[in-house]
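S.K.: Structure incoming, see below.
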Amino acid sequence: MGLLSWFLPKERNFYKMLLDQSEKTLEGMKAFQQFARDGKPESAERVKQLEEEADDLRARIMHELNDTFITPIDREDIHTLSRSIDDIIDYAKKSCYEMEVFKIQSTEYIVQMVDVLTYATEQIVHAIANLEKDPKVAAQRAMNAKRSENQVEYIYHRALAKLFESADTIYILKCREVYRHLSNSADHVDQAANIIQDISIKIV
C-alpha cells in the first residue's frame, strides 16, 4: 500500500481551505466594523493583520492547486472564488488605510456599508460551509449575499449624494475614495456569490 500511495494523487480538501479563507476574511470584516466605530489605530492594525493572514491562506490554496491533478470542483472555480474572497478583504483594508492616511472620520454611511458587507461575508462563509454537503443551501446563502451587495450600492449612492452637498472639494475627493473602495468590496461579494451559485449547480 505504501508504494501504491506514492503513485496515487494526494487528496487536498479545497472545500475546507476555501472555508478557512472565507472565515479569516469575515474576521477581518468584523475588525473593520470595530474600526469604523472607534477609529483607533490598533483597530486598523488588526484589520491589516487579518488581511495578511487571509493572504497566506489564499497563497496556500494557490500552491495546492498548482500541485494537484484532481480537484473536487473545477480548478478555475476554485481559483476565481478564492480571488474574489481575497478582494473583499483587500478593498476593506484599502478603505481602512485611506481613512487613516486622509484623516477621515467615519460617517454613518461608512458604518452602514461595513455592517452590510460583514453580513454579506458571513453569508459567503455559510454558503461555502454548505457547498459540499448541501449545494441548495449554499446557493440560497449566496443569494442572500447578492441581496446585501445591492444594499451596499444603495447606501453608496445615498452617501455620494450627501457628500456632494459639501463645499469642501478636498474632503469630497478623499471621502469618495473610501466609499468607492467599499463599493468595490461589495462587487467582489457579488462575484463570490455568483461563483458559488455556479458551483452549486454543477455539483447537484
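FYI, it's all coordinate maths here, none of it is from the lab. Please read these numbers as outputs of a predicted model, since none were measured by experiment. Neighbour counts run over all protein chains shown; Cβ positions are idealised from the backbone, glycine included.
S.K.: If the only charges are +1 at each Lys and Arg Cβ and -1 at each Asp and Glu Cβ, what is the size of the charge dipole of the stretch 11-203 around the Cα centre, to the nearest 20 debye?
M.R.: So the dipole magnitude of the stretch 11-203 works out to roughly 420 debye.
S.K.: Is it possible to state the helix-based mean residue ellipticity at 222 nm for the chain, with each DSSP H run of 4+ residues giving -39500 (n - 2.57), the sum divided by total residues, to the nearest 500 deg cm²/dmol? What is it?
M.R.: Rounded to the nearest 500, it is -29500 deg cm²/dmol.
S.K.: Compute the acute angle (0 to 90°) between the alpha-carbon long axis of helix 75-101 and the principal axis of greatest extent of the alpha-carbon atoms of the chain; round to the nearest 10°.
M.R.: For helix 75-101, the angle is close to 30 degrees.
S.K.: Kindly flag which residue pairs out of Lys40/Lys94; Lys30/Lys103; Lys103/Lys146; Lys48/Lys202; Lys30/Lys202 have an alpha-carbon separation exceeding 26 Å in this structure.
M.R.: Lys103/Lys146; Lys48/Lys202; Lys30/Lys202
S.K.: Counting other beta carbons within 10 Å of each Cβ, put Ser106, Ser148 in order, fewest first.
M.R.: Ser106, Ser148
S.K.: Please list, by residue number, every one of the chymotrypsin sites (Phe, Trp or Tyr not before Pro) in the stretch 29-93 that is coil in DSSP and has at most 16 other beta-carbon atoms within 10 Å.
M.R.: Those satisfying the criteria are Phe69.
S.K.: At 10 °C and 1.306 mPa s, what whole-number value in µm²/s does Stokes-Einstein give for the translational diffusion of the chain, with Rh from the Kirkwood sum over Cα pairs?
M.R.: 90
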